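A.B. asks: I'd like to ask some things about the structure below.
The values are calculated or read from the model by the stated rules, or taken from the named source; none is laboratory data. What you see is a predicted model; the values in this text were computed from it and never measured. Reconstructed Cβ throughout: ideal geometry from the backbone, glycine too, with neighbour counts over all protein chains shown.
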Amino acid sequence: MPKAPILIDLKFSGRAAIVQALGQHFHDRPVVDLADGNNAGRDLSDCRYAVLWNPDDDLFERARNLDILFSGGAGVDRVLELEGLPDAPLVRFVDPSLTRRMSEYVVLQCLYHARRMPDYARQQTETHWQQLPPAEAGDFTVGIMGLGELGQDAARKLKVMGFDVIGWSRSKKQIEGVDCFDAEGLDAFLDRTDILVGLLPLTAGTTGIFNRALFEKLSRSGPLGAPVFVNAGRGGSQVEADIVAALESGVLGGVSLDVFASEPLPPASPLWSHERALVTPHIASDTDVRALFAHVARQIARFEAGEPLQHVVDRTAGY
């Protein structure tokens, strides 16, 4: 019996990488890649599996018989907001490659601020040679908001670098060597945090959570005086006007932002030119499509063997 086609609708910039990865996977079944002009207007009713990232608006009208949806990235909020989303399991992309790259980014940004690289970059533009008071990782408490797989791995690797690490999540987690707080302990968590790292999913409860009121509760007793904010989770969790105002007033001493409410970040945003802001274009843990397709193949094999799917999204919780 022929196997049902896999539907691919991925709006990634690295089109060549997708084509190359497709050549390495799914040899045993047809693939319908909507970016291929030959599939324009094609009836998709025979597709049972869909791999999605920013899909076409009419996708679910055309693909009416999907058994499983696969998110093309670690976040699922964009998929959950899609018009006509069918009542089928939505599977998150979980892979060691995503986790490793996210932890690399988080460690890099925490060290970047702890070692005062923004100050030295400014001095370089001024041809000004001055050694600033030294500090090391152990002098800082990094607070991670969001303790899923990405947050827990980042916490462990920050600990290896010598940082004091604490964590916050809606329900309390247990991580060796990391003091963890739950929803009721948010203020106590913030009061200890010199460098705040956002790795939260985007839900109704986390939308706009990183705002002026929250920043004002962060510790001001760290080596840099003013706290630092690093967000590599979801852009909708931060209020960008509040970030700019907090930088201007000294409530925040610096930020590293990889995600934004509107992407690409509009050219008029003051974050582009702010000397205390580092802007990166959502690359902290961008998808390796080879790993994505391998993940999808594993889950389809489980499903067709009658085994339970892994990493299924709880639509009520939003992750």
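A.B. asks: Between 167, 177, which is crowded, with 23+ Cβ neighbours inside 10 Å and farther than 20 Å from residue 283 by Cβ?
C.D. replies: Step by step, each of 167, 177 is checked, and only 167 is crowded, with 23+ Cβ neighbours inside 10 Å and farther than 20 Å from residue 283 by Cβ.
A.B. asks: Looking for whichever is more than 28 Å from residue 79 (Cβ to Cβ), polar (S, T, N, Q) and assigned by TED's automatic domain parsing to the domain that holds residue 140 here; the options are 262, 273. Which one fits?
C.D. replies: Step by step, each of 262, 273 is checked, and only 273 is more than 28 Å from residue 79 (Cβ to Cβ), polar (S, T, N, Q) and assigned by TED's automatic domain parsing to the domain that holds residue 140.
A.B. asks: Let me ask another. Which residue is modelled with the highest pLDDT, if the candidates are limited to the stretch 1-18 and must be more than 23 Å from residue 78 (Cα to Cα) and over 24 Å from the mean Cα position of the chain (by Cα)?
C.D. replies: Per the criteria, the residue is 5.
A.B. asks: With respect to residue 34, determine if the residue is modelled with pLDDT under 95 and among the hydrophobic types (A, V, I, L, M, F, W, C).
C.D. replies: yes
A.B. asks: Of the conditions (1) under 21 Å from residue 106 (Cα atoms); (2) surrounded by fewer than 17 Cβ atoms within 10 Å (Cβ to Cβ); (3) touching a residue at least 60 places away in the same chain (Cβ under 8 Å), residue 272 satisfies every one except a single condition; which number is it?
C.D. replies: (3)
A.B. asks: Only residues in the stretch 70-88 that are in contact (Cβ under 8 Å) with a residue 12 or more places away in the chain and under 15 Å from residue 7 (Cα atoms) count as the first member; pair them with residues that are part of a loop (DSSP other than H, G, I, E, B) and of a type in the set (Phe, Trp, Tyr), Cβ under 8 angstrom, at least 6 apart or cross-chain, and list the lot.
C.D. replies: Listed pairs, sorted by first residue: 70/93; 71/93; 72/12; 72/93.
A.B. asks: In the stretch 131-229, which helices (runs of 4 or more DSSP H) lie fully inside it and hold 2 or more residues that are among the small types (Gly, Ala, Ser)?
C.D. replies: 149-160
A.B. asks: Take the residues in the stretch 45-91 that are of a type in the set (Val, Ile, Thr) and out of contact with any helix residue (DSSP H, G or I) (no Cβ under 9 Å at 6 or more places or on another chain), then tell me which one is surrounded by the fewest Cβ atoms within 10 Å (Cβ to Cβ).
C.D. replies: Top of the filtered list is 79.
A.B. asks: Any residue at all in the stretch 196-206 that is within 20 Å of residue 150 (Cβ to Cβ), surrounded by fewer than 15 Cβ atoms within 10 Å (Cβ to Cβ) and assigned by TED's automatic domain parsing to the domain that holds residue 146?
C.D. replies: Yes, that holds for at least one residue.
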